[in-house]
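Undergrad: First, the structure itself, so that you have it in front of you.
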Amino acid sequence: MKTDDTPITRQKFMEELHRYRKGSVTRRHFLGVTGLGTAMAVLGGALPMLRPGRAFADDIGDRVILATWPNYHDPANFDIFRDQTGAAVQVNVFGSNEEMLAKLQAGGSGWDLFVPTNYTITTYVEADLIEPLDLTKLPNYDAAAFEARFAEAGTVNGKLYAVPKNWGTTGMAWDSGKAKAPFTSWKEFFDVTRTDFSGRTIVHDYQLTTIGNALKYFGYSFNSVDPKELAEAEKLLIEVKPHLFAITSDYQPPMRNGDAWLTMCWTGEGKQMNRDLPEIQFALGKEGGEIWSDYYAIPKNAPHRDAAYALLNFLIDPQVNAREALAHGFPVADARVNALLPAELLNDPILHPAADLLNALEFGAAATLTDPNRAELMARFKSA
């Protein structure tokens, strides 16, 4: 166990993370050696309302399957849920909303609960892939607690289909030890990829952000489906492709071990890396880019529906959600949760950027999810 205040080195952190992921050491050992356990213990002591609550009374079966994004939950909450209900949480991780949509359209996903982004929900409703939520099974849901701009996409034609999880931005994270100056724009991002950071840059395996941020290089809308503007974005991406380290939405491992120096990055993951490795910094592009909100939704054919509602109700409990926020670092739209969080988290400039930066950002548009030109562009870029 870590017994002094000496900062853990990057190499030691990665070694212990690798051992933990392989199952070679326990979660307790990993948290102790890295010092993360001490931090959580201090926060738990300062905020006793974040401790686990009473067990559930209903029998909901022995498992529930959650489809979600990488690094987006506190695994300890799933352990608590299992102890309270007897249902183990099986987590399936995906890297894009397109991947998630294709899985549900193909049928037989096996998912009970999943985490779509704001701009996709109308498509799911129109395709009859999700069901309106039964609020009698969600006593922890309080519509008045959520900030409207991060909650309104969950309601379609007057019916609630999805409950807000988190919100955030899409920016860039970089190793400041390798950069000549801080990054401030998407133009700098793509230009340095072709020069000083050649072979060290990651873009998402996700057309919305990769194409969207290439469009911002030229000052176009993040959501553009204009053929001429998309052609310019494609030309840029094809030029950049030989200089990339990877096209992946799971970018933390190579950023943490130093193989990559620059990546497109979602808010909370930028904070996670900066918290553990302060040399990794995060910024938004001054030209604009994406602001987003993610939701919880239940597929039409969820095989363990009672367990899905139980897990959803558990995760939106403010005390549970506060533990989630302390672990993953993404901003929360629920005022009840924010009342439980430390001020330094709510005032963090990575998680809560200045208003002028936020005002330049765009929510993803529904048309981008199914636009064939953007889909074909991304396929050509990946195969080039």
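The values are calculated or read from the model by the stated rules, or taken from the named source; none is laboratory data. Note that the coordinates shown come from a computational prediction; the quantities given were computed from them, not determined experimentally. Counting neighbours? That spans all protein chains shown, and the Cβs are built from the backbone with ideal geometry, glycine included. Please note that ligands, DNA and RNA were not included when accessible areas were found on the heavy atoms of the full protein model with its side chains. Shrake-Rupley method; radii C 1.70, N 1.55, O 1.52, S 1.80 Å.
Undergrad: When you scan the stretch 337-349, do you find a residue that is closer than 30 Å to ARG194 by Cα and either part of a strand (DSSP E or B) or open to solvent by 20 Å² or more (accessible area, probe 1.4 Å) (or both), even just one?
TA: Of the stretch 337-349, the ones closer than 30 Å to ARG194 by Cα are 349.
If we keep only those that are either part of a strand (DSSP E or B) or open to solvent by 20 Å² or more (accessible area, probe 1.4 Å) (or both) too, we end up with 349.
Looking through the stretch 337-349, at least one residue is closer than 30 Å to ARG194 by Cα and either part of a strand (DSSP E or B) or open to solvent by 20 Å² or more (accessible area, probe 1.4 Å) (or both).
Undergrad: Among ALA354, ALA335, which is free of Cβ contacts under 8 Å to residues at least 60 places away in the same chain and not charged (D, E, K, R)? Outline the logic, then answer.
TA: Details: ALA335 fails: free of Cβ contacts under 8 Å to residues at least 60 places away in the same chain.
Answer to the check: ALA354.
Undergrad: Something else now. Any residue at all in the stretch 102-124 that's under 21 Å from the mean Cα position of the chain (by Cα), under 30 Å from MET273 (Cβ atoms), loosely packed, with under 15 Cβ neighbours inside 10 Å and free of Cβ contacts under 8 Å to residues at least 40 places away in the same chain?
TA: Yes - at least one qualifying residue is present in the stretch 102-124.
Undergrad: With respect to the numbered conditions (1) within 22 Å of GLU362 (Cα to Cα); (2) touching a strand residue (DSSP E or B) at 6+ places or on another chain (Cβ under 7 Å); (3) not in a helix (DSSP H, G or I), which one is the sole condition not fulfilled by VAL225?
TA: (2)
Undergrad: So, of the residues in the stretch 357-366 that are outside any loop (DSSP other than H, G, I, E, B) and in contact (Cβ under 8 Å) with a residue 24 or more places away in the chain, which turns out to be most open to solvent (accessible area, probe 1.4 Å)?
TA: First, pick out the residues of the stretch 357-366 that are outside any loop (DSSP other than H, G, I, E, B): 357-359, 361-362, 366.
After this cut, where a residue has to be in contact (Cβ under 8 Å) with a residue 24 or more places away in the chain as well, the list is 357-358, 361-362, 366.
Numbers: LEU357: 65, LEU358: 26, LEU361: 21, GLU362: 45, ALA366: 40 Å².
Among those that are outside any loop (DSSP other than H, G, I, E, B) and in contact (Cβ under 8 Å) with a residue 24 or more places away in the chain, it is LEU357.
Undergrad: Now for a separate question. Starting from residues that are in contact with a helix residue (DSSP H, G or I) (Cβ under 8 Å, 6 or more places away or on another chain), assigned to a helix (DSSP H, G or I) and of a type in the set (A, V, I, L, M), keep the ones in the stretch 144-165 and report whichever is most open to solvent (accessible area, probe 1.4 Å).
TA: Among those that are in contact with a helix residue (DSSP H, G or I) (Cβ under 8 Å, 6 or more places away or on another chain), assigned to a helix (DSSP H, G or I) and of a type in the set (A, V, I, L, M), it is ALA153.
Undergrad: If you go through the stretch 191-205, how many residues are under 29 Å from LEU369 (Cβ atoms) and buried (at least 22 other Cβ atoms within 10 Å of the Cβ)?
TA: 5
Undergrad: Given the options ALA308, ALA302, name the one that is at pLDDT 95 or above, crowded, with 21+ Cβ neighbours inside 10 Å and in a helix (DSSP H, G or I).
TA: Numbers: ALA302 fails: in a helix (DSSP H, G or I).
Being at pLDDT 95 or above, crowded, with 21+ Cβ neighbours inside 10 Å and in a helix (DSSP H, G or I) holds for just one of ALA308, ALA302, which is ALA308.
Undergrad: Which of (1) open to solvent by less than 50 Å² (accessible area, probe 1.4 Å); (2) outside any helix (DSSP H, G or I); (3) under 14 Å from TYR309 (Cα atoms) does HIS73 not meet, given it meets every other one?
TA: (3)
Undergrad: Taking the stretch 80-101 as the region of interest, how many residues are free of Cβ contacts under 8 Å to residues at least 24 places away in the same chain and either of a type outside the set (Lys, Arg) or closer than 21 Å to GLU131 by Cα (or both)?
TA: Quick first cut of the stretch 80-101, residues free of Cβ contacts under 8 Å to residues at least 24 places away in the same chain only: 82, 99.
Then drop every residue that is not either of a type outside the set (Lys, Arg) or closer than 21 Å to GLU131 by Cα (or both), which leaves 99.
Of the residues in that region, 1 qualify.
Undergrad: Anything in the stretch 119-143 that is farther than 23 Å from ILE247 by Cα and part of a helix (DSSP H, G or I)? List them, or say none.
TA: From the stretch 119-143, those farther than 23 Å from ILE247 by Cα are 121-143; that's our starting set.
Within the stretch 119-143, ILE121, THR122, THR123, TYR124, VAL125, GLU126, LEU135, THR136, LYS137, ALA143 meet the criteria.
Undergrad: Which condition number in (1) closer than 22 Å to GLY199 by Cα; (2) in contact with a Ser or Thr (Cβ under 7 Å, 6 or more places away or on another chain); (3) open to solvent by less than 50 Å² (accessible area, probe 1.4 Å) is the one that PHE245 fails?
TA: (3)
Undergrad: Give the residue, chosen from LYS103, LYS137, that is under 21 Å from ARG374 (Cβ atoms) and of a type in the set (Lys, Arg). Show your work before the answer.
TA: On the way: LYS137 fails: under 21 Å from ARG374 (Cβ atoms).
After ruling out the rest, the residue left standing is LYS103.
Undergrad: Only residues that are in a helix (DSSP H, G or I) and over 20 Å from ASN313 (Cα atoms): list them for the stretch 81-117, please.
TA: ASN97, GLU98, GLU99, MET100, LEU101, ALA102, LYS103, LEU104, GLN105, ALA106
Undergrad: Assess whether ALA322 counts as being in contact with a His (Cβ under 9 Å, 6 or more places away or on another chain), outside any loop (DSSP other than H, G, I, E, B) and open to solvent by less than 40 Å² (accessible area, probe 1.4 Å).
TA: Values: in contact with a His (Cβ under 9 Å, 6 or more places away or on another chain): no; outside any loop (DSSP other than H, G, I, E, B): yes; open to solvent by less than 40 Å² (accessible area, probe 1.4 Å): yes.
No.
Undergrad: Read through the list (1) open to solvent by less than 50 Å² (accessible area, probe 1.4 Å); (2) under 20 Å from PHE146 (Cα atoms); (3) part of a helix (DSSP H, G or I), then give the number of the only condition that PHE330 fails.
TA: (3)
Undergrad: Testing LEU369 on (1) open to solvent by 40 Å² or more (accessible area, probe 1.4 Å); (2) aliphatic (A, V, I, L, M); (3) modelled with pLDDT under 95; (4) touching a helix residue (DSSP H, G or I) at 6+ places or on another chain (Cβ under 8 Å), one condition comes back false. Which one is that?
TA: (1)
Undergrad: If you check GLU376 against the conditions, is it in a helix (DSSP H, G or I), at pLDDT 95 or above and not polar (S, T, N, Q)? Steps first, please.
TA: Numbers: in a helix (DSSP H, G or I): yes; at pLDDT 95 or above: yes; not polar (S, T, N, Q): yes.
Against the criterion (in a helix (DSSP H, G or I), at pLDDT 95 or above and not polar (S, T, N, Q)), GLU376 qualifies.
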